[in-house]
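Here's the structure, in structure tokens; my notes come after.
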Amino acid sequence: MVAPSLYPALVASHAGVWRADAGGRVEAVSRAEAVRRLADTPHLLLNAPQVAARLGLPEVSGLDLLELWAFASPAMFLVPSARGLADALGLELPTREADEAAFLQTAAAALLDRLADRQWPHRAGAADSLYRLQRKGWLWAEPVSAAMGTSPAAASIFDALPEWQDAPPRLPPLVRRHSDEQLLAQLAQLAGSRREPREGQKAYTLAAAHAFQPRDSRDGPNLVVAEAGTGIGKTLGYLAPASLHAAETGEQVWLSTFTRALQRQLKAETRRSLPGMLAAGQIVVRKGRENYLCLLNLEDAMQGSFAGRQGVFAELVARWARFTADGDMVGGDLPGWLPGLFRRGAALPALTDRRGECIRSACPHYRRCFIERSVREGQKAGLVIANHALVMANAVRARAEGQGLTRLVFDEGHHLHSAADSAFAVVLSGGEAIELRRWLLGPDRPGRRSGRRRGLSARLMDVTSYDGEGGTALEEVLHLATELPGADWLSRIGAGEPEGPIETLIAAVRTHVLTRASDEERGFSLETGIASLAPGLPEAVDGAAACFSRMARAMLTLKARLSALAEERPEWLDQSGIARLSAAAEGLQLRLDLLGAWQRLLARVSGEPEADFVDWFALIRAEGREIDCGIWRHWLDPLKPLAGAVLAPAHGVLVTSATLGDPPEAAAGAAHLSVSPHIFRVASPFDYAAQARVFIVTDVERGNTASLAHAYHALIEAAGGGTLGLFTAIARLRAVHARLADRMARAGLPLLAQHVDAVDTGTLVDLFRADRRATLFGTDALRDGVDVPGESLRLIVFEGVPWSRPTILNAARRAAFGGSAYEEMAVRHRLAQAFGRLIRSAEDKGAFVLLGASTPSRLLSAFPPDVQVSRVPLADAAAAIRDFLNEGAPTGIVPSERQL
């Protein structure tokens, strides 16, 4: 076999660049020399996009060990660092970063030895994958081929996956009322030998159980609103009554979260505490269709719609698909770093069902579809772990069908407002309209091969062939769909050359918004209220409304014909054909609902505002580039539709979080229900007076990047890393990172950053968690979605008071719900959530720093009442943090063996 030591290796970081030659001899090289060497000879690399960023290049080519891992160990977790690779392969990690280049050669040899092992557990399909990768120019093909030798032939990925089976309908649930003794016994059983349930956790369990008892009133659910401080053990607290209820009554319970991190935690907790239910398929994770691999898209990609490096990505995804547990590409067992190796994951959306193009039973892979399998497993399960958006969508759909989701747990309940805000919003924009066109017609990008089996015509091949009336109705729908925005609509609108009534409307909205933008706003997303319409806009609204009206009539006619055919069951229509017609009719109804919402929104533009809604025009930009434009509508209070469509039809609902606000029932939309909620509150068991400190730094100049960077450096150095730096603006995050990255690396304090590093957020958190001297910079997603217990997180630095952006929507809500008091409530909530990342166990110790001399004292109630809060200059804060973290047992500021 080709020995990896014959390949040189290169490591580049903010601290320097090192190269190991083919014999393993290591030397430091300049960036310019590294670039020249990489151009001359293929090198072993670890995370090529990161190496390129360190060298100041758009991309580099080489033998990336992460790609080799994805081939050799598909669907297996790996922290994408030298430390992570060493842990996974059982190798010794070098104590100096300078020695990592030689370590890459050792790691490559270990991975290739794995391929040579006859007992290699991932051998199935490897030979076929390698052949296809070789044809696509994969640099690893030669050494991998030499290591593998000959391998037996295997079924293609599209034949190897198991077929799903339909489940019988669920039986009506039994009625059970559980005693306190039963509930506490279930809690103790779930906790097992790990620890004795605390008194606070027991009280929480008994309070939560009311959501699972027989319903008290037909006017609404048994609603429990439970605020339980960090460390109470909420997960086991509600799993106890939920699992007992599901097992004994047969009624399904949906456990809803907001972040993928908590979904993973819930699945892991059930694996530990409910292994029997998990093994029996009674616990499943459900996500939206856009999270799962679409096998038809994968086949298209493998057959040529993906070229160059994107084709390599498709083949590695096919390797993963053979071994994945569930086909979840976003937060599942697909390595989060894998898409980022290929142009920051640009190909990932093309492999999932993000555009609603699914042709259901017309697809040749329908019986093996990951999405359909997930739906059917969810139908059989007792506990379904999902997210707020999916639960809301399913609840609305179920209610329309005369059913409902009857038992719901909303963990991370403080996010219900924002989740409902997105779920019940209406957007009429170019981006949304082109998605409707793609659902009807399929992709219209020239040369895209996947268009051959997309669109409504693919779903209704039987109708067009055998039913004249249905074929005519379909033809009319498809003809009208051409009036929707097509490919390159943004370019045409920007050039003032729109095509069709909808593009004309979007172009008129864009002109209206740009006319009202002040000079200092240009380059950022812009929005204006709907008033004093610019010339031409009223006529464009009328034209778009007429277009939608014609389209709705045609779609309604087609839907009626499909329903009639499904009832008539003509001889030419088999059972799978009936399923196709039913699915198409369901999809048409969803689009008819969307057209109805758009028509009502256009009527609002021409008429008077509605009290329950906030409407506005917007031009959306990202980094100075226009990406969408149109009309937005949000509910003034999104908890109102949530209460009516999701909560009221349920029999029991638990809304829980560590920070629900005051009063907590407001976060659950209780004011919009006819039943009174059961309120439960229990404080955290942690000793915040001993475990935490809060500092308000008074001498950092807001808006001064140099001053901000100096403050971050001083504080991170005082803590010795282990810092989460939170920013309210991406631009400031990038500016501070640019000033600090090299300096901190030389001090042995590696710096990771959202919106800078070429890896996904989940992987950044994994890297941060694995290195106790690392620092992670991020924005909102990290404020709410990080769970890093232990000394890997011992300092949080917030770059300023997290005031809300002054948007039209925020201004309307402030005016309706209390003015500045409403805004300050939101800020306190953000601060409380950020502080909640700091202390996750009784052993944790940490400091929270807010860089804001003008921070109002009334906001400090966001922190636990017993935590010490000090307003001090930066130097005093850094000294106090150093002393506090050094007090007692040593923490992460003790220098590590390995200076990163």
Meets criteria (in contact with a Lys or Arg (Cβ under 7 Å, 6 or more places away or on another chain), closer than 26 Å to Leu184 by Cα, buried (at least 17 other Cβ atoms within 10 Å of the Cβ) and touching a residue at least 24 places away in the same chain (Cβ under 8 Å)) for Thr270:
no
Of the conditions (1) buried (at least 22 other Cβ atoms within 10 Å of the Cβ); (2) under 31 Å from the mean Cα position of the chain (by Cα); (3) among the hydrophobic types (A, V, I, L, M, F, W, C), Ala731 clears all except one; give me its number.
(1)
List pairs: first in segment 604-616 and assigned by TED's automatic domain parsing to the domain that holds Leu537 and under 17 Å from Asp421 (Cβ atoms), second of a type in the set (Asp, Glu) and not in a loop (DSSP other than H, G, I, E, B), Cβ under 9 Å, 6+ apart or cross-chain?
Trp616/Glu527
Please go through segment 603-629 and give me each residue that is surrounded by 15 or more Cβ atoms within 10 Å (Cβ to Cβ), within 25 Å of the chain's Cα centre (by Cα) and β-branched (Val, Ile, Thr), ordered by number.
Ile620
Find the residue count for segment 210-232, including only residues that are part of a loop (DSSP other than H, G, I, E, B) and either in contact with a Phe, Trp or Tyr (Cβ under 8 Å, 6 or more places away or on another chain) or within 30 Å of Lys845 (Cα to Cα) (or both).
4
Within segment 522-538, can one find any residue that is over 29 Å from Ile627 (Cα atoms) and either of a type in the set (Lys, Arg) or not in a helix (DSSP H, G or I) (or both)?
no
Residues that are farther than 18 Å from Ala155 by Cβ, assigned to a helix (DSSP H, G or I), basic (Lys, Arg) and without any contact (Cβ under 8 Å) to a residue 60 or more places away in the chain: does segment 280-301 have at least one?
no
So, restricting to helices (runs of 4 or more DSSP H) that lie completely within segment 718-816, which ones have at least 2 residues that are outside the structural domain of Leu619 (by TED's automatic domain parsing) and closer than 30 Å to Gly233 by Cα?
761-770, 780-785
Which pairs turn up if I take residues in segment 518-540 that are polar (S, T, N, Q) and look for partners that are modelled with pLDDT under 85 with beta carbon separation below 7 Å, at least 6 apart in sequence or on another chain?
Thr528/Arg516
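State whether the residues of segment 309-322 include one that is out of contact with any Phe, Trp or Tyr (no Cβ under 7 Å at 6 or more places or on another chain), not aromatic (Phe, Trp, Tyr) and not in a helix (DSSP H, G or I).
Among the residues of segment 309-322, not one is out of contact with any Phe, Trp or Tyr (no Cβ under 7 Å at 6 or more places or on another chain), not aromatic (Phe, Trp, Tyr) and not in a helix (DSSP H, G or I), which makes the answer no.
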Among (1) touching an Asp or Glu at 6+ places or on another chain (Cβ under 8 Å); (2) within 24 Å of Gly137 (Cβ to Cβ), where does Met76 come up short?
(2)
Residue under evaluation Glu227, criteria (1) surrounded by 20 or more Cβ atoms within 10 Å (Cβ to Cβ); (2) of a type outside the set (A, V, I, L, M); (3) under 30 Å from Ala109 (Cβ atoms), criterion not met
(3)
Identify the residue in segment 576-602 that is under 26 Å from Asp166 (Cβ atoms) and free of Cβ contacts under 8 Å to residues at least 24 places away in the same chain and, among all such residues, is farthest from the chain's Cα centre (by Cα).
Ile578
So the helices (runs of 4 or more DSSP H) completely within segment 127-198 holding 3 or more residues that are within 34 Å of the chain's Cα centre (by Cα) are 157-160, 180-191
Residue satisfying all of: in segment 414-449; surrounded by fewer than 20 Cβ atoms within 10 Å (Cβ to Cβ) and touching an Asp or Glu at 6+ places or on another chain (Cβ under 7 Å); modelled with the lowest pLDDT among these
Arg449
Do the conditions hold for Asp40, that is, is it at pLDDT below 95 and either among the acidic types (Asp, Glu) or at positive phi (or both)?
yes
Could you please find all residues in segment 457-509 being among the aliphatic types (A, V, I, L, M), modelled with pLDDT under 90 and surrounded by fewer than 23 Cβ atoms within 10 Å (Cβ to Cβ)?
Ala458, Met461, Ala487
State whether the residues of segment 745-764 include one that is crowded, with 16+ Cβ neighbours inside 10 Å, of a type outside the set (Val, Ile, Thr), farther than 30 Å from Met76 by Cα and touching a strand residue (DSSP E or B) at 6+ places or on another chain (Cβ under 8 Å).
no
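Residue-wise test of (1) in the same structural domain as Ala209 (by TED's automatic domain parsing); (2) buried (at least 17 other Cβ atoms within 10 Å of the Cβ).
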residue: Ile631; (1), (2): no, yes
residue: Thr656; (1), (2): yes, yes
residue: Pro664; (1), (2): yes, yes
residue: Ser676; (1), (2): yes, no
residue: Phe695; (1), (2): no, yes
residue: Arg702; (1), (2): no, no
Keeping to segment 191-224, report how many residues are farther than 20 Å from Arg176 by Cα, among the aliphatic types (A, V, I, L, M) and buried (at least 18 other Cβ atoms within 10 Å of the Cβ).
1
From the list Gly404, Gly327, Gly332, Gly382, which one is surrounded by 21 or more Cβ atoms within 10 Å (Cβ to Cβ), over 17 Å from the mean Cα position of the chain (by Cα) and more than 30 Å from Leu57 (Cα to Cα)?
Gly382
Residues that are in contact (Cβ under 8 Å) with a residue 60 or more places away in the chain and not basic (Lys, Arg), at least 1 per element: which helices (runs of 4 or more DSSP H) completely within segment 1-117 meet that?
48-55, 65-72, 82-89, 100-116
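The values are calculated or read from the model by the stated rules, or taken from the named source; none is laboratory data. The shown structure was predicted, so the numbers you read here are calculated from the model rather than taken from an experiment. All Cβ positions, even for glycine, are placed from backbone atoms using ideal geometry, and neighbour counts span all protein chains on display.
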